[in-house]
Amino acid sequence: MNDNKLAAEEARRANQHELVKSQAEGEVHAEIVERSTPTPAEAAQVDQVANEFRAKAVNEVVETEREVERARGAARVSQVVDYIFYVIYALLGLRFLLALLAARSGAGFVRFIVAVTNPFYAPFKGIVASPSTDSGHTLMLPLLIAIIVYILLHLAINGLLRMFAHRKTAV
C-alpha cells in the first residue's frame, strides 16, 4: 500500500509540475506577445520612418537618372569635341609634314591643306623662327606650338565636360 501511495503521490506531483510548467509557459508567451505588439504610437513612428526611407530612395533614383542623362549628353559632346580636335591635329600634322618634306607650294593638295589649316595656324604664326635648309625643308616650330596648345585646350574642354558629367556628392 505504501508503494501505491508513493506512486499516487509521485503522479500527483508530476501532474502538478506539468500544470505549473504549462501555466508559466502561457504567462511567458503572453508577455512576449504583449511586448512584441507595438503600441499605436510606435506603429505610427515605424510607418513614418518607413515612408521617409521610401521617399529618400525614390528621390535618389530620380536624381541618379538625371545625372545619368546629363553624363550621356556630356559624353556625346565629348565625342564630338574629340573628333573635331583629332581632325585639327591631323590637318596641322599633315601641314607640318609637308613643310618638313619641302612639298611644292603650288601643288593643289598643298594649297588646300594650307588654306584649311590657316585659321588654326594664324594665331601662332611668327611666334618663333622656323629653321629651314637650302633645299626648302622647313621645321615649322610655330606649328608644333599650335599643336601643343590645341592638345592643352582639348584636355581642358574634356576636363570641364567630365566635371559636369560626374555625380555630385556632398562631403
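The values are calculated or read from the model by the stated rules, or taken from the named source; none is laboratory data. Nothing here was measured: the structure is a model prediction, and the numbers come from that model. Positions of Cβ are backbone-derived with ideal geometry, glycine not excepted, and every protein chain shown enters the neighbour counts.
For this structure, a couple of remarks:
- Some residue of the range 27-46 being under 30 Å from Val116 (Cα atoms), assigned to a helix (DSSP H, G or I) and of a type outside the set (Lys, Arg): no
- Filtering the range 37-47 for residues that are loosely packed, with under 10 Cβ neighbours inside 10 Å, among the β-branched types (Val, Ile, Thr) and more than 30 Å from Leu155 (Cβ to Cβ) leaves a non-empty set.
- Set side by side, the residues Ala74, Ala90 differ, and just one is closer than 30 Å to Leu139 by Cα, part of a helix (DSSP H, G or I) and not aromatic (Phe, Trp, Tyr), which is Ala90.
- Leading residue by the ranking (farthest from Met140 (Cα to Cα)) among those in the range 56-71 that are charged (D, E, K, R) and without any contact (Cβ under 8 Å) to a residue 12 or more places away in the chain: Lys56
- Candidate set from the range 136-171 (those that are assigned to a loop (DSSP other than H, G, I, E, B) and at pLDDT 85 or above); member that is nearest to the chain's Cα centre (by Cα): Met140
- Condition check for Val20: β-branched (Val, Ile, Thr), over 60 Å from the mean Cα position of the chain (by Cα) and surrounded by 10 or more Cβ atoms within 10 Å (Cβ to Cβ): yes
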